[in-house]
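Report on one structure; see the data block that follows.
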């Protein structure tokens with residue numbers, strides 16, 4: 001298989017020294033022998049911030065400290081992707097041209113791994129089969145399969161959060177029902193007076209349910225505001241800690257609709273149960289007689 005030498009590879013290097021401006025003598029990342037015609041590289045924003053590097057600085061890259069290296073010019077600074085698998089890694093990332101990387105590492109025409117884009121699922125299956133059958137030691141994987149394997153930890157965490165959310169909703173429903181029973185029970189004298197002046201059970205139950213629904217909607221909206229504020233603060237803190245654009249907490253429209261719908265349903269059910277329990281009690285018994 002032919003490899004395009006303009007393909008850009010990734011090289012992880014530990015860099016901790018600032019590069020000088022383009023007009024000055026280059027300062028090395030790792031000691032080496034500078035070239036006369038420096039080539040360009042791209043570094044990530046984490047490396048640029050820690051080493052105080054800027055676009056146009058000249059640095060020297062080498063396979064190891066004390067080994068000969070190449071003088072290069074920083075052409076661009078890139079932002080890392082929002083990848084959960086990379087947030088805990090402390091490596092720095094440098095992008096080099098393939099030929100430059102081969103010369104630096106002494107690999108020659110060998111590569112550890114590479115990616116191939118295919119136009120369709122059938123072409124992907126054919127490419128996987130041909131690569132695996134080409135020689136012993138080759139192993140091709142679909143990008144979707146790789147993503148599934150590397151995301152197993154996050155899938156477990158997601159299921160764990162879903163279980164916690166389910167338990168929280170059930171516990172909240174029970175708590176809400178108990179609160180509604182207590183609140184409605186405190187109004188037994190009012191309900192008894194309404195019953196004695198001729199108000200029907202349907203009217204009393206409807207008023208209690210309407211009040212419970214209004215409280216549930218207002219409470220859910222307040223909860224959405226609190227959740228959005230907490231999500232914003234969490235993202236600001238951990239994005240600064242890990243220096244990543246990844247959002248650690250997300251409040252979406254689906255979550256808001258689910259929260260409001262659950263609060264409304266649970267409020268109506270709790271209010272209806274509490275009101276039905278109260279209106280079935282004789283009015284004189286509600287007065288304590």
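The values are calculated or read from the model by the stated rules, or taken from the named source; none is laboratory data. This one's a predicted model, so the numbers in the text were calculated from it and none came from an experiment. No Cβ is skipped: glycine too gets one built from the backbone with ideal geometry, and neighbour counts run over all protein chains shown.
Of the listed requirements (1) part of a helix (DSSP H, G or I); (2) in contact (Cβ under 8 Å) with a residue 12 or more places away in the chain; (3) surrounded by 13 or more Cβ atoms within 10 Å (Cβ to Cβ), residue 251 misses just one: (1). Looking at the stretch 95-120 only, could you name the residues that are within 32 Å of the chain's Cα centre (by Cα) and exposed (fewer than 10 other Cβ atoms within 10 Å of the Cβ)? Result: 112, 113, 115, 117, 119, 120.
Answer with yes or no whether residue 164 is assigned by TED's automatic domain parsing to the domain that holds residue 273, without any contact (Cβ under 8 Å) to a residue 12 or more places away in the chain and within 30 Å of residue 272 (Cα to Cα). Answer is no for this residue. Which of the residues that make up the stretch 147-157 are surrounded by 11 or more Cβ atoms within 10 Å (Cβ to Cβ) and modelled with pLDDT of 75 or more? Residue satisfying the conditions is 157 alone.
Scan the stretch 260-271 and give yes if some residue there is surrounded by fewer than 15 Cβ atoms within 10 Å (Cβ to Cβ) and under 32 Å from the mean Cα position of the chain (by Cα), otherwise no. Within the stretch 260-271, one or more residues are surrounded by fewer than 15 Cβ atoms within 10 Å (Cβ to Cβ) and under 32 Å from the mean Cα position of the chain (by Cα). Only one of the numbered conditions (1) in the same structural domain as residue 271 (by TED's automatic domain parsing); (2) under 18 Å from the mean Cα position of the chain (by Cα); (3) assigned to a helix (DSSP H, G or I) is violated by residue 216, and that is (2). Going by the structure shown, is residue 25 loosely packed, with under 13 Cβ neighbours inside 10 Å, at pLDDT 70 or above and over 27 Å from residue 248 (Cα atoms)? When the stated conditions are applied, residue 25 does not pass them.
Considering only the stretch 226-241, I want to know if a residue exists there that is closer than 30 Å to residue 182 by Cα and either assigned to a helix (DSSP H, G or I) or in contact with a helix residue (DSSP H, G or I) (Cβ under 9 Å, 6 or more places away or on another chain) (or both). Yes, the conditions are met somewhere in the stretch 226-241. Contact map, the stretch 274-289: residues that are in the same structural domain as residue 176 (by TED's automatic domain parsing) and under 15 Å from residue 179 (Cα atoms) paired with residues that are at pLDDT 75 or above and not in a helix (DSSP H, G or I), Cβ distance under 9 Å, separation 6+ or inter-chain. Pairs shown: 278/187. Consider the stretch 275-289 and keep the residues that are surrounded by fewer than 14 Cβ atoms within 10 Å (Cβ to Cβ) and out of contact with any helix residue (DSSP H, G or I) (no Cβ under 6 Å at 6 or more places or on another chain). The one that is modelled with the lowest pLDDT is 289.
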